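*Asks:* Pasting a structure below so you can have a look.
The values are calculated or read from the model by the stated rules, or taken from the named source; none is laboratory data. Everything quoted here is computed from the prediction, not taken from an experiment. We place every Cβ from the backbone using ideal geometry, glycine too, and count neighbours over all the protein chains shown.
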Amino acid sequence: MAAGQAERWRLVYAASSHYVRPSLGGRQFTILGGDGGLLEEPVPATEVLLTPGDWADLAVGPFAEGEIITLESLAYDRGMVKEPPTRYATVRIGPPAPSHASIPATLRSIEPLVTSGVAPNRTVHLQGRPSLHGIDWRIDGQAHHHVGPVRVGELQVWDVVNQTKMDHPFHLHGFFFQVLAVNGAPPGIPVLGRHHQHPLQRTGPHRLAARRPAGQLDVPLPHPRPPRRRHDGPLRCHPLTSRRNP
């Protein structure tokens, strides 16, 4: 990497189970986007949390010639699982070169799905209980949970509650959602973005909002016998270790 330049890095986390907290040795970078595309505004940070199948777009640099930058993952406590620190790469900063990079103050326009207080349509509980083969994961007490239909254009606001003893990345297949609140407080990144999945800590409810766009099939949630023109869209924990009980 040339001194004086800023680069756009895309970190894609392709592992099956673990969490990572990428960091550049405490140096600041800028989060530009994630699994739902660009954020509305750039966010300065010194670390970012990635779960299986997740990714992040970062603006990195500029740095001085001769610096050595370490791409590492910080330790993370998921509860039942403790993620150790890991070093992934070392970047040496070479001679300076002209930089043409610039980061606009606004990256995109995202319409908020909720602009005032709203009651949730439903509450979803992630659960787990010991079994002979380890842990049986459940959603609202069922191994293969089925819920009622959601129509095109209908606003859905969910409170998703993690009742297990470890963090889980909650995933809605096939469409994006917005994170409204975590345990009654604003989410960790206070900038509007779209998401396919969201890390559920072992806290109170995580409030999510989604609307099925027009032009797509109807039901984005599991349905026991979907008729024609409907679509099964699973809600699940994303790691491979939880796939026994989707």
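*Asks:* How many of the residues in region 1-29 are surrounded by fewer than 17 Cβ atoms within 10 Å (Cβ to Cβ) and among the hydroxyl-bearing types (Ser, Thr, Tyr)?
*Replies:* Of the residues in region 1-29, 2 are surrounded by fewer than 17 Cβ atoms within 10 Å (Cβ to Cβ) and among the hydroxyl-bearing types (Ser, Thr, Tyr).
*Asks:* What is the residue count in region 136-157 for residues that are touching a residue at least 24 places away in the same chain (Cβ under 8 Å) and either in a strand (DSSP E or B) or of a type in the set (Lys, Arg) (or both)?
*Replies:* Of the residues in that region, 8 qualify.
*Asks:* Can you find even one residue in region 113-120 that is surrounded by 16 or more Cβ atoms within 10 Å (Cβ to Cβ), at pLDDT 85 or above and part of a loop (DSSP other than H, G, I, E, B)?
*Replies:* yes
*Asks:* Any idea how many residues of region 58-68 are crowded, with 16+ Cβ neighbours inside 10 Å and assigned to a strand (DSSP E or B)?
*Replies:* Residues that pass the stated criteria total 3.
*Asks:* Right, another one. Looking at region 122-132, which of its residues are loosely packed, with under 14 Cβ neighbours inside 10 Å and touching a residue at least 12 places away in the same chain (Cβ under 8 Å)?
*Replies:* Once the filter is applied, which keeps residues that are loosely packed, with under 14 Cβ neighbours inside 10 Å and touching a residue at least 12 places away in the same chain (Cβ under 8 Å), region 122-132 yields only 123.
*Asks:* Condition (residue is loosely packed, with under 15 Cβ neighbours inside 10 Å, over 23 Å from the mean Cα position of the chain (by Cα) and in a loop (DSSP other than H, G, I, E, B)) applied to region 69-89: is it met by at least one residue?
*Replies:* no
*Asks:* Right, something else. For region 43-55, which positions are at negative phi and either crowded, with 21+ Cβ neighbours inside 10 Å or not in a strand (DSSP E or B) (or both)?
*Replies:* Once the filter is applied, which keeps residues that are at negative phi and either crowded, with 21+ Cβ neighbours inside 10 Å or not in a strand (DSSP E or B) (or both), region 43-55 yields 46, 48, 49, 50, 51, 52, 54.
*Asks:* Can you tell me which residue is nearest to residue 19 (Cα to Cα) among those in region 35-74 that are at pLDDT below 95 and touching an Asp or Glu at 6+ places or on another chain (Cβ under 7 Å)?
*Replies:* So the residue we want is 54.
*Asks:* Can you find even one residue in region 116-134 that is out of contact with any strand residue (DSSP E or B) (no Cβ under 8 Å at 6 or more places or on another chain), over 26 Å from residue 147 (Cα atoms) and among the hydrophobic types (A, V, I, L, M, F, W, C)?
*Replies:* yes
*Asks:* Does any residue of region 174-194 turn out to be of a type in the set (Val, Ile, Thr), assigned to a loop (DSSP other than H, G, I, E, B) and at pLDDT 50 or above?
*Replies:* yes
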